[in-house]
Amino acid sequence: MSTSTAISAARTAALVGDFDRTPAYAGLADALRLLIGDGRIGFGTRLPSERELTEALGVSRTTVTRAYATLRDTGYAEARQGSGTFTRVPGGRARAHDRALLPRAGDHEAIDLNCAAASAPPGVAAAYAEAASDLPAYFGGHGYFPAGLPELQAAIAATYEARGLPTTPEQVMVTPGALSAAAIVAQAYTGPGDRVLVESPVYPNATLAIRHSGARLTGVPVDPDGWDLGSVAAALRQTSPRLAYLIPDFQNPTGHLMTEAQREEYAALLRRAGTVAVVDEAHQALALDGQEMPRPFAAFAPETITLGSASKTYWGGLRLGWIRAPEGRMDQLTTARVGLDLGAPVMEQLVLARLLARGEEVVDAHRERLREQRDRLAAGVREQLPDWRFHLPGGGLALWLQLPGPLGTALTDEAERRGVIIAPGPVFAAEGGLDQFVRVPWTRPPHVMEEAVARLAEAWSAVRDRQGTTPRGSARVMVA
């Protein structure tokens, strides 16, 4: 991608918003650092001239001059003689890339859409700063909270109450992410040879966590148009699974949202089979079209164990999730949990408690940028790849794209050669297949999404021209 893009003064002013003005130059510099750090102002972008930004913000020239100087001093900008001020990040472009996820030469220049996780929205950095002032109060204790900080347990319980599901803090266990929560539940409820019903396509790391307990998986299809409850009923009759792992809220990767009628029918099927639902709500808060969300699955099936996550709603770096258990089940989960870990970091729990106390403020800003990115991705696919089919999700983080033929793995290989990394359908298959699909998250800024679609269109053209060759397949690690 080009590194000589520019951002207008009007757009910059709109993005920084009502920044802290005590003093104004520091508040402006902080606002710009956040925008550059989370990618809303891209790497290598030319910032407006000091004069232009002064006029757009209605501040003094000295304010902008000192803010730009602060950006340069902290590594978030550089001055190029005769050209202006350009954004950068401390350590260079490669600073934010994890070698486990992007381990190959040249990957730091790639558009990474393998991971369906966004950068931190505005408000997360402030929550960290505020939480740091609370941390010393905990230094006098041992720091272990196997069920979670009481104030965070109460805050999470309140979110379920607000959604119409009565919940006490004692029903909540805080974990180091939703994946850890899934592993704890599998350890508590299953053993070698037990059956677990899973959707297909499905989030692959969750099934891996379940398999570690020795359980055997039975896949049931989630079609391009939604859940096949007839297949669910048949699988329940034939296998009598202990658990059923499902994602009713913007299912990963299809993006489908289960209706209340479907939840009621699914719950009745599980009840007759004696199967406990394990419901992953990682994407539940990411309704992007202002729609009213269905009641939690646990409102229809009281024995449901619900998994939550801060990673998609706020930021993956928080590494926090939780379990909401039915009354009387926490002792069983705690026994399983202490064999895996002893709790989540106190600092991050304080941060999440701060974020939850702010209600929808941070999440609304997050949804707004995700909605813009989703719409830009969908428009690009419709224009440049009209023979690809997809359902436009009302929320979540990704498009599940159906190709005209079983060429998903070949497309992934070719796209990688052109500098865009995506996940092929077989990665999400519980029992094989799905090579007619690819998953493309809308987790990068709009201009990056446009560039990604352009590269995918080039890759698709090349793949169609040489159908019949054998792709090498992806060996990349997936985390979300």
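The values are calculated or read from the model by the stated rules, or taken from the named source; none is laboratory data. Just so it is clear, the structure is predicted and the values come from calculations on it, not from any experiment. As a convention, Cβ positions derive from the backbone with ideal geometry for all residues, glycine included, and neighbour counts pool all protein chains shown.
Considering only residues that are in a loop (DSSP other than H, G, I, E, B) and either of a type in the set (A, V, I, L, M) or at pLDDT 95 or above (or both), which ones fall in segment 392-429? Across segment 392-429, the qualifying residues are LEU392, PRO393, GLY394, GLY396, LEU397, LEU403, LEU407, ILE422, ALA429. Considering (1) assigned to a helix (DSSP H, G or I); (2) farther than 30 Å from SER461 by Cβ, the lone condition that GLY359 does not fulfil carries the number (1).
Output the residue which, of all residues in segment 373-383 that are in contact with a Phe, Trp or Tyr (Cβ under 9 Å, 6 or more places away or on another chain) and surrounded by fewer than 16 Cβ atoms within 10 Å (Cβ to Cβ), is nearest to GLY405 (Cα to Cα).
So the first thing to find is which residues in segment 373-383 are in contact with a Phe, Trp or Tyr (Cβ under 9 Å, 6 or more places away or on another chain), and the list is 373-378, 381-382.
Remaining after also requiring surrounded by fewer than 16 Cβ atoms within 10 Å (Cβ to Cβ): 375, 382.
On the way: ASP375: 25, ARG382: 17 Å.
My answer is ARG382.
The set of residues in segment 48-85 that are among the hydrophobic types (A, V, I, L, M, F, W, C) and free of Cβ contacts under 8 Å to residues at least 12 places away in the same chain comprises ALA69, ALA79. All of VAL174, VAL202 fail the test of being in the same structural domain as TRP322 (by TED's automatic domain parsing), part of a strand (DSSP E or B), touching a helix residue (DSSP H, G or I) at 6+ places or on another chain (Cβ under 8 Å) and of a type in the set (A, V, I, L, M), apart from VAL174.
Check segment 210-218 and report whether any residue there is assigned to a helix (DSSP H, G or I) and of a type in the set (S, T, N, Q). Break it down into steps so the answer makes sense when it comes.
Keep residues of segment 210-218 that are assigned to a helix (DSSP H, G or I), which gives 210-211.
Then drop every residue that is not of a type in the set (S, T, N, Q), which leaves none.
No, segment 210-218 has no match at all.
Condition check ((1) buried (at least 18 other Cβ atoms within 10 Å of the Cβ); (2) polar (S, T, N, Q); (3) at pLDDT 90 or above) across all residues:
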position	(1), (2), (3)
THR5	no, yes, no
GLY39	yes, no, no
SER49	no, yes, yes
GLU55	no, no, yes
THR62	no, yes, yes
THR74	no, yes, no
THR85	yes, yes, yes
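Okay, residues lined up against (1) in contact with a Leu (Cβ under 7 Å, 6 or more places away or on another chain); (2) closer than 22 Å to VAL448 by Cα; (3) free of Cβ contacts under 8 Å to residues at least 40 places away in the same chain; (4) crowded, with 20+ Cβ neighbours inside 10 Å:
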site	(1), (2), (3), (4)
PRO326	no, no, no, no
MET347	yes, no, no, no
HIS366	no, yes, no, yes
LEU370	yes, yes, no, yes
PRO386	no, yes, yes, no
LEU399	yes, yes, no, yes
ALA410	no, no, no, yes
GLU414	no, yes, no, yes
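Among the residues here, ALA29 does not qualify as under 34 Å from the mean Cα position of the chain (by Cα), at pLDDT 85 or above, over 27 Å from THR443 (Cβ atoms) and assigned to a helix (DSSP H, G or I).
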